[in-house]
Amino acid sequence: MSESGKGNRQRLQWHPAFGAALRITFAEEIERKELELQEEYLLSKKPPDDNLSVNDFYKVYGYACFYQSNTNRVREIEPTEITITFVCNHYPREMMKHLKEGRGIRAECHYKGVYYLKGDAIPMQLLITHELTQEENCWIQSLRMNLRAGKELSGLITRYEPFKDSKDHAAVMDLITRANWKEMEVEEKMCDALRELFADEMEKEREKARRTGRQEGLEEGHAQGRAQGFEQGIELAKLIFRLSSEGRSEEEIAGKCGIPLERVREVLE
């Protein structure tokens, strides 16, 4: 991964990953032909921001109106069939203050992280990703730049492992990793699937380390030792998280794994 890919947040391509997350989340509905997801249309070359502004509201609202009117026949698309969904990581307080005071539109929370915007002819809703339930909306909820090393990232990596051959899962995990690169570097319990996803990047890092002046044989010997310890650490961490998810106490986990209680607590922090 280039420095610009790791450090420049504005160059991250969120839209393809968001589409992939939607396909994962609504896979059953799509399979039953109850829902159809179309690829997005390019409406702007400006990179997305992490917040919703008043201008963003009117831009999206205008696009919806243009979509309805840009047809060959009058009312080819019924206005009542159009809905607008805004997605943001943080609740857009300034935007909602303007809509309430200027247009009489108010937000009503119907589910965790899902708000209906009432008071306009076009049905609208607002999704706050970090408020969505983790169990039902794992991949959409994780599309943000403030994931934390430890239980949050380890659980996500463990959840990803069975789907490492899925293009949609790989696309979402790729974006999540790039958006949270520093925390991923802190995370020591990266699974095999994730290491395969970034094999080239990790090889570059190893090559960079070899250029520090250490003897080749000594460096390779240390690398092999670290690799073996790394693999053992991954298996141990996965076992600890599996036992924790089964409701086992920290004391039981320590006894089962044959490690100190303090080590169990460090992994689960």
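Structure notes:
- Length added when fully stretched, TYR67-LYS151, from 0.36 nm per residue minus Cα-Cα: 25.9 nm
- Mean Cα-pair separation over length for segment 28-165, i.e. relative contact order, pairs under 8 Å, 6 or more apart, %: 16
- Taking MET96, MET173 and counting other C-beta atoms within 10 Å, the order from fewest to most: MET96, MET173
- Euclidean distance between Cα centres, segment 245-268 to segment 88-133, Å: 42
- Ranked by how many other beta carbons lie within 10 Å on average, peptides 60-68, 14-22 from highest: 14-22, 60-68
- Segment LEU261-TYR111, length gained on full extension (0.36 nm per residue, minus Cα span): 50.2 nm
No lab work stands behind these numbers, since they all come straight from the coordinates. Source: prediction; values computed, not measured. Glycine gets a Cβ as well: all are built from the backbone with ideal geometry, and neighbour counts include every protein chain shown.
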